[in-house]
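Novice: Attaching a single structure in structure tokens format; questions to follow.
The values are calculated or read from the model by the stated rules, or taken from the named source; none is laboratory data. Because the structure is a prediction, the values reported are computed rather than measured. Cβ: placed from backbone, ideal geometry, glycine included. Neighbour counts: every protein chain shown. Keep in mind that these areas ignore ligands, DNA and RNA; they rest on the heavy atoms of the full protein, side chains included. Shrake-Rupley method; radii C 1.70, N 1.55, O 1.52, S 1.80 Å.
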Amino acid sequence: MPRIAVYPGSFDPVTYGHLDIIRRSQELFDLIIVAVNDNPSRDILFTGHERVRMVKELIKDFSRVRVERFEGLLVDYAQEKGAGFVIRGLRALSDFEYEFQMNLMNRKLNPRIETIYLMTNQDYSYLSSTIIKEIARLKGSTSGLIPDSVREKLLKKMTGELKA
Ligand code: PNS
């Protein structure tokens, strides 16, 4: 049976930290579904479809990776996809509490789905989509933190926002 894993997140926007986790997950699973969460949230900058497109562009050469948008509960989505695993990246201790809570809740909702944690590469341990958006909003440089294609879209989004 193929080992299918779901790598869920907001990816708003996708960073080099996320891409590092996707790349490393390929060694562990037969298929990785990058699941872009599209539940309503006030803090999300890019639409679900925009986020899916951005990730798709970046993983087009990865044969074992697919990108999809999902709504609703993660465990329901994973089950529907036949995935026995969820992948999450861990940066620092500060991530732990949230991940711990999410893990216990997901396990209560569906004990058959196991979450696997990959330690973020130290080069990206300080990166987060939230910080990226703040830097871009304040006109700082995000060079080297996110791929150029994402940076372009982020800058356009920010300019659009300022005009609105
Ligand atoms: O990248 P993020 O924002 O930390 O990802 C969080 C995400 C999307 C994985 C989480 O919010 C999630 O799984 N949302 C789907 C709704 C759900 O299943 N909630 C219960 C989890 S405790």
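Novice: How big, in percent, is the set of alpha carbon pairs in region 1-44 lying more than 17 Å apart?
Specialist: 37 percent
Novice: Taking the dipole about the Cα centre of the chain, with the C-beta of Lys and Arg at +1 and of Asp and Glu at -1, give me whichever of ALA5, PRO111, LEU155 is farthest to the positive side.
Specialist: LEU155
Novice: For VAL65, which sequence-distant residues (separation of 5 or more, or a different chain) have an amide H within less than 5 Å of its own amide H, given hydrogens modelled in the peptide plane?
Specialist: Residues meeting the amide H criterion: ILE32.
Novice: Additional query: How far is it, in nm, from the label point at ARG3 to the one at LEU93 when both lie 7 Å from their Cα along the line to the Cβ?
Specialist: Output for this residue pair reads 3.1 nm.
Novice: Classify region 1-111: rounded, prolate or oblate, from the alpha-carbon gyration tensor (a ≥ b ≥ c, eigenvalue square roots; a/c under 1.5 rounded; otherwise prolate if a/b is larger than b/c)?
Specialist: rounded
Novice: Run the quick spin-label model on TYR126 and LYS156: label points 7 Å from Cα toward the beta carbon, then report their separation in nm to one decimal.
Specialist: Computed distance between label sites TYR126 and LYS156 equals 3.0 nm.
Novice: Here's a follow-up. In percent, how large is the relative contact order of the chain, given Cα pairs closer than 8 Å and 6 or more residues apart?
Specialist: The value is 27 percent.
Novice: Right, here's the next one. Please determine, in degrees from 0 to 90 and to the nearest 10, the orientation of helix 48-58 with respect to the longest principal axis defined by the Cα atoms of the chain, where the helix direction is its Cα long axis.
Specialist: Result, in degrees: 90.
Novice: Okay, moving on. Per residue, how much accessible surface does region 90-164 expose to a 1.4 Å probe? Answer in Å², no decimals.
Specialist: The answer is 72 Å² per residue.
Novice: Among the trypsin sites (Lys or Arg not before Pro) within region 32-101, which fall in a DSSP loop and have no more than 10 other Cβ atoms within 10 Å of their own Cβ?
Specialist: Within region 32-101, the qualifying trypsin sites (Lys or Arg not before Pro) (loop, at most 10 other Cβ atoms within 10 Å) are ARG42, LYS60.
Novice: Follow-up question, since we're still on this one. Restricting to DSSP loop positions (anything but H, G, I, E, B) with no more than 12 other Cβ atoms inside 10 Å of their own Cβ, which chymotrypsin sites (Phe, Trp or Tyr not before Pro) remain in region 1-55?
Specialist: Here no loop site has a sparse enough neighbourhood.
Novice: OK, next. What is the magnitude of the charge dipole of region 1-92 about its Cα centre, with +1 placed on the Cβ of each Lys and Arg, -1 on the Cβ of each Asp and Glu, and no other charges, expressed in debye to the nearest 20?
Specialist: 220 debye
Novice: Right, another one. State which entries of LYS81/LYS108; LYS60/LYS157; LYS81/LYS153; LYS60/LYS81 exceed 25 angstrom in Cα-Cα distance in the structure shown.
Specialist: Correct reply: LYS81/LYS153.
Novice: If you roll a 1.4 Å probe over region 62-150 with all protein chains in place, what percent of the accessible area is carbon or sulfur?
Specialist: 54 percent
Novice: Pick out, in residue order, every one of the trypsin sites (Lys or Arg not before Pro) in region 112-164 that is DSSP loop and has at most 14 other C-beta atoms within 10 Å; say none if there are none.
Specialist: Sites meeting the loop and neighbour criteria: ARG112, LYS139.
Novice: Could I ask something else about it? Classify region 47-140 from the C-alpha gyration tensor, please: rounded if a/c falls under 1.5, else prolate or oblate depending on whether a/b exceeds b/c.
Specialist: Note, shape of region 47-140 comes out oblate.
Novice: Excluding ligands, DNA and RNA, what is the solvent-accessible area per residue of region 1-60 at a probe of 1.4 Å, expressed in Å²?
Specialist: Per-residue value: 48 Å².
Novice: Kindly express, to the nearest 10 degrees and within the range 0 to 90, the angle between helix 148-163's C-alpha long axis and the longest C-alpha principal axis of the chain.
Specialist: 60 degrees
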